[in-house]
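Enquirer: Take this structure first; my questions come after.
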Amino acid sequence: MPRVYDSRKRILVTGGAGFLGSHLIDRLLAHGHEVICCDNLFTGTKRNIEHLHGNPAFEFLRHDVTFPLYVEVDEIYNLACPASPIHYQHDPVQTTKTSVHGAINMLGLAKRVGSKVLQASTSEVYGDPAIHPQTEQYWGNVNPIGPRSCYDEGKRCAETLFFDYWRQNRLRIKVARIFNTYGPRMHPNDGRVVSNFIVQALTGEPITIFGEGQQTRSFCFVADMVRGLHQLMDTADEFTGPMNLGNPREFTILELAERVISLTASSSKLVFLPLPEDDPRQRQPDIGLATSEMGWSPEVDLDDGLLSTISYFKERLQ
Ligand code: NAD
Ligand code: UDP
Ligand code: UDP
C-alpha cells in the first residue's frame, strides 16, 4: 500500500503476543513504525504485550489466522503458529491449518494491498538432517506421517505457497528459516528445552534430559533473532530467501543442562527420559547467506543469553 501520510510503516505481526513476536514488535515500535498485532492467544499471552497498552502506535487484534483478515498494511511478518512440540502436537490438525491456511490468508492479504510478507519458517524443514551444518540448498529429511509432521510439513507447505505466490503473482516475499531461539518471555510451561531446564533448575526439580542428551541444537538469543528478521524484511525486493537465521555454536543437550545448572547454582539432579519419536539428532545453521547478504551474525553468546533468561524466570516465578 502506498504510504499516504508519512514515512512510518504500518506493519502486521501475526503471532505477536508470543515469545518471538512480542520482541519483534518492541523492535519495530522502537524504529518508529505502527504495529498491528494479530494473535488468537493459543500459546501467546497478553502479558507479553501488556507494556504496550496505551501506546497509540500499537493495536491488538484477537484473531485466528486460519480465517481471512482485512487490514491495510505495508509489511506482514507471519509468525502465528505454536512452536513448542507439546503445543503443536496438542491439536495437530489445527497446527497444519495454522501454517497452511494462515499462509494463504496472509499471502492473499499481501497480494490485495501490495505489501511485503515474511514467513517465519523453521530449521524443522530440514527434519533429521543428513547434511551438517544445514545450508539453504539442503532439501531436508522429514517424516511426512509422524507426530512432528503437522509442524514440519505445515511449514514446508507454507514455504511452497510463498514461492508459488512469488512466481504467480510477483509478491515480495521473504522466507526466514529460524533455528532454536530462546530468551525472556518464553512461557514457563512452553515445554521447549531452554525454558524447561531453567524453570527446573530454579525450582530444584530434576532436569529432564530426553534420551542420553547427546543430540545437539544451536541456540540463538532472541535479540539477535529479531534483528535478523527485521534486516531480512529490509533486503532488496528481489531477495526472497530462504535464509537460515540462528547461532552456529552447537551444544549437546547435556552440555546445555550443565550450563544451566552452573549459571543458576542449582542443586537439581539430571533425570533421563525416553527420547521423543523423530527427535532430530543434530542441528546447526550455516549462516553464510545471512552474513553475505545482510552482514548479520549473532552477537550474544550462550552464557550471556542464559543469564538474561534466568533473571526473567526468577522474577516470573516469584
Ligand atoms: P510462541 O508459541 O511463543 O508464539 C506463537 C504465537 O502464535 C502465539 O502467540 C500464539 O498464540 C500464536 N498463534 C498460534 N496459532 C495461531 C492462529 N491460528 N492464529 C493467530 N495466532 C496464532 O512461539 P515463538 O517461539 O514465538 O514462535 C514464533 C514463530 O517462529 C512460529 O511461527 C514458529 O514456528 C517460528 N519459529 C520459532 C522458533 C524458536 O525457536 N522460537 C524456531 C523456528 C521457528
Ligand atoms: N484474504 C485475506 N485478506 C485479504 C485478501 C485475501 O484474508 O485482504 C484471503 C482470502 O480470504 C483468500 C486468501 O486470502 O482465501 C487467498 O487470497 P487470493 O486472492 O490469493 O485467492 P482467492 O481469493 O482467489 O482464493
Ligand atoms: N529436550 C530435553 N528435555 C526437555 C525438553 C527438550 O532433553 O525437557 C530435548 C528434545 O528432545 C530435543 C531438544 O531438547 O532434542 C530441543 O527440544 P525443543 O523442544 O526445545 O526443540 P526442537 O526439538 O523443536 O528443536
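The values are calculated or read from the model by the stated rules, or taken from the named source; none is laboratory data. Computed from a prediction, not measured in an experiment: that's the story for all the values here. Methodologically, a virtual Cβ is constructed for each residue, glycine included, from the backbone with ideal geometry; neighbour enumeration extends over all protein chains shown.
Enquirer: Quick one: which residue in Ser7, Ser22 is modelled with pLDDT under 95 and away from ligand 3 (no atom under 16 Å from the Cβ)?
Expert: Numbers: Ser22 fails: modelled with pLDDT under 95.
Unique residue meeting the criteria: Ser7.
Enquirer: Okay, moving on. Which residues, counting only those in the range 232-253, are within 21 Å of Leu171 (Cα to Cα) and either more than 16 Å from ligand 1 (Cβ to nearest atom) or touching a Pro at 6+ places or on another chain (Cβ under 8 Å) (or both)? Give the steps one after another, and end with the answer.
Expert: Applying the first criterion (within 21 Å of Leu171 (Cα to Cα)) to the range 232-253 yields 232-244.
Scanning the range 232-253 gives Asp234, Thr235, Ala236, Asp237, Glu238, Phe239, Thr240, Asn244.
Enquirer: Same structure, new question: Which of the residues that make up the range 180-197 are among the aromatic types (Phe, Trp, Tyr) and over 13 Å from the mean Cα position of the chain (by Cα)?
Expert: Of everything in the range 180-197, just one residue is among the aromatic types (Phe, Trp, Tyr) and over 13 Å from the mean Cα position of the chain (by Cα), namely Phe197.
Enquirer: Does Phe67 count as over 16 Å from the mean Cα position of the chain (by Cα), more than 14 Å from Gly21 (Cα to Cα), at pLDDT 95 or above and more than 16 Å from ligand 3 (Cβ to nearest atom)?
Expert: yes
Enquirer: Moving to a separate point now. For the range 279-290, which positions are in a helix (DSSP H, G or I) and more than 19 Å from the chain's Cα centre (by Cα)? Before you say what the answer is, go through the steps one by one.
Expert: Let us first name the residues in the range 279-290 that are in a helix (DSSP H, G or I), namely 288-290.
Scanning the range 279-290 gives a single hit, Gly288.
Enquirer: Any residue at all in the range 157-175 that is within 16 Å of ligand 3 (Cβ to nearest atom) and either among the aliphatic types (A, V, I, L, M) or on the phi < 0 side of the Ramachandran plot (or both)? So that I can check it myself, show each step before the final result.
Expert: Of the residues in the range 157-175, the ones within 16 Å of ligand 3 (Cβ to nearest atom) are none.
No, the conditions are met nowhere in the range 157-175.
Enquirer: Another question, then. Output the helices (runs of 4 or more DSSP H) that fall wholly within the range 11-121 and possess 3 or more residues being within 16 Å of ligand 2 (Cβ to nearest atom), or say none.
Expert: On the way: elements: 19-30, 85-88, 92-113.
It comes to 92-113.
Enquirer: Just give me the residues in the range 76-93 being in contact (Cβ under 8 Å) with a residue 24 or more places away in the chain and either more than 16 Å from ligand 3 (Cβ to nearest atom) or surrounded by fewer than 23 Cβ atoms within 10 Å (Cβ to Cβ) (or both), in sequence order. Spell out the reasoning first.
Expert: In the first step, residues of the range 76-93 are kept if they are in contact (Cβ under 8 Å) with a residue 24 or more places away in the chain; the result is 76-89, 92-93.
Of everything in the range 76-93, those that are in contact (Cβ under 8 Å) with a residue 24 or more places away in the chain and either more than 16 Å from ligand 3 (Cβ to nearest atom) or surrounded by fewer than 23 Cβ atoms within 10 Å (Cβ to Cβ) (or both) turn out to be Ile76, Tyr77, Asn78, Ala80, Ser84, Pro85, Ile86, His87, Gln89, Pro92, Val93.
Enquirer: Next question, about the same structure. Could you list, ordered by first residue, the pairs with Cβ atoms under 7 Å in which the first is in the range 13-25 and under 13 Å from Asp64 (Cβ atoms) and aliphatic (A, V, I, L, M) and the second is within 16 Å of ligand 2 (Cβ to nearest atom) and outside any helix (DSSP H, G or I), at least 6 apart or interchain?
Expert: Taking only residues 6 or more apart or on different chains, the pairs are Ala17/Asp39.
Enquirer: Between a first residue in the range 141-156 that is crowded, with 21+ Cβ neighbours inside 10 Å and a second residue that is among the hydrophobic types (A, V, I, L, M, F, W, C) and in a loop (DSSP other than H, G, I, E, B), which pairs have beta carbons less than 6 Å apart while being 6 or more apart in sequence or on different chains?
Expert: Short answer, once both residue conditions are applied: Asp152/Val142.
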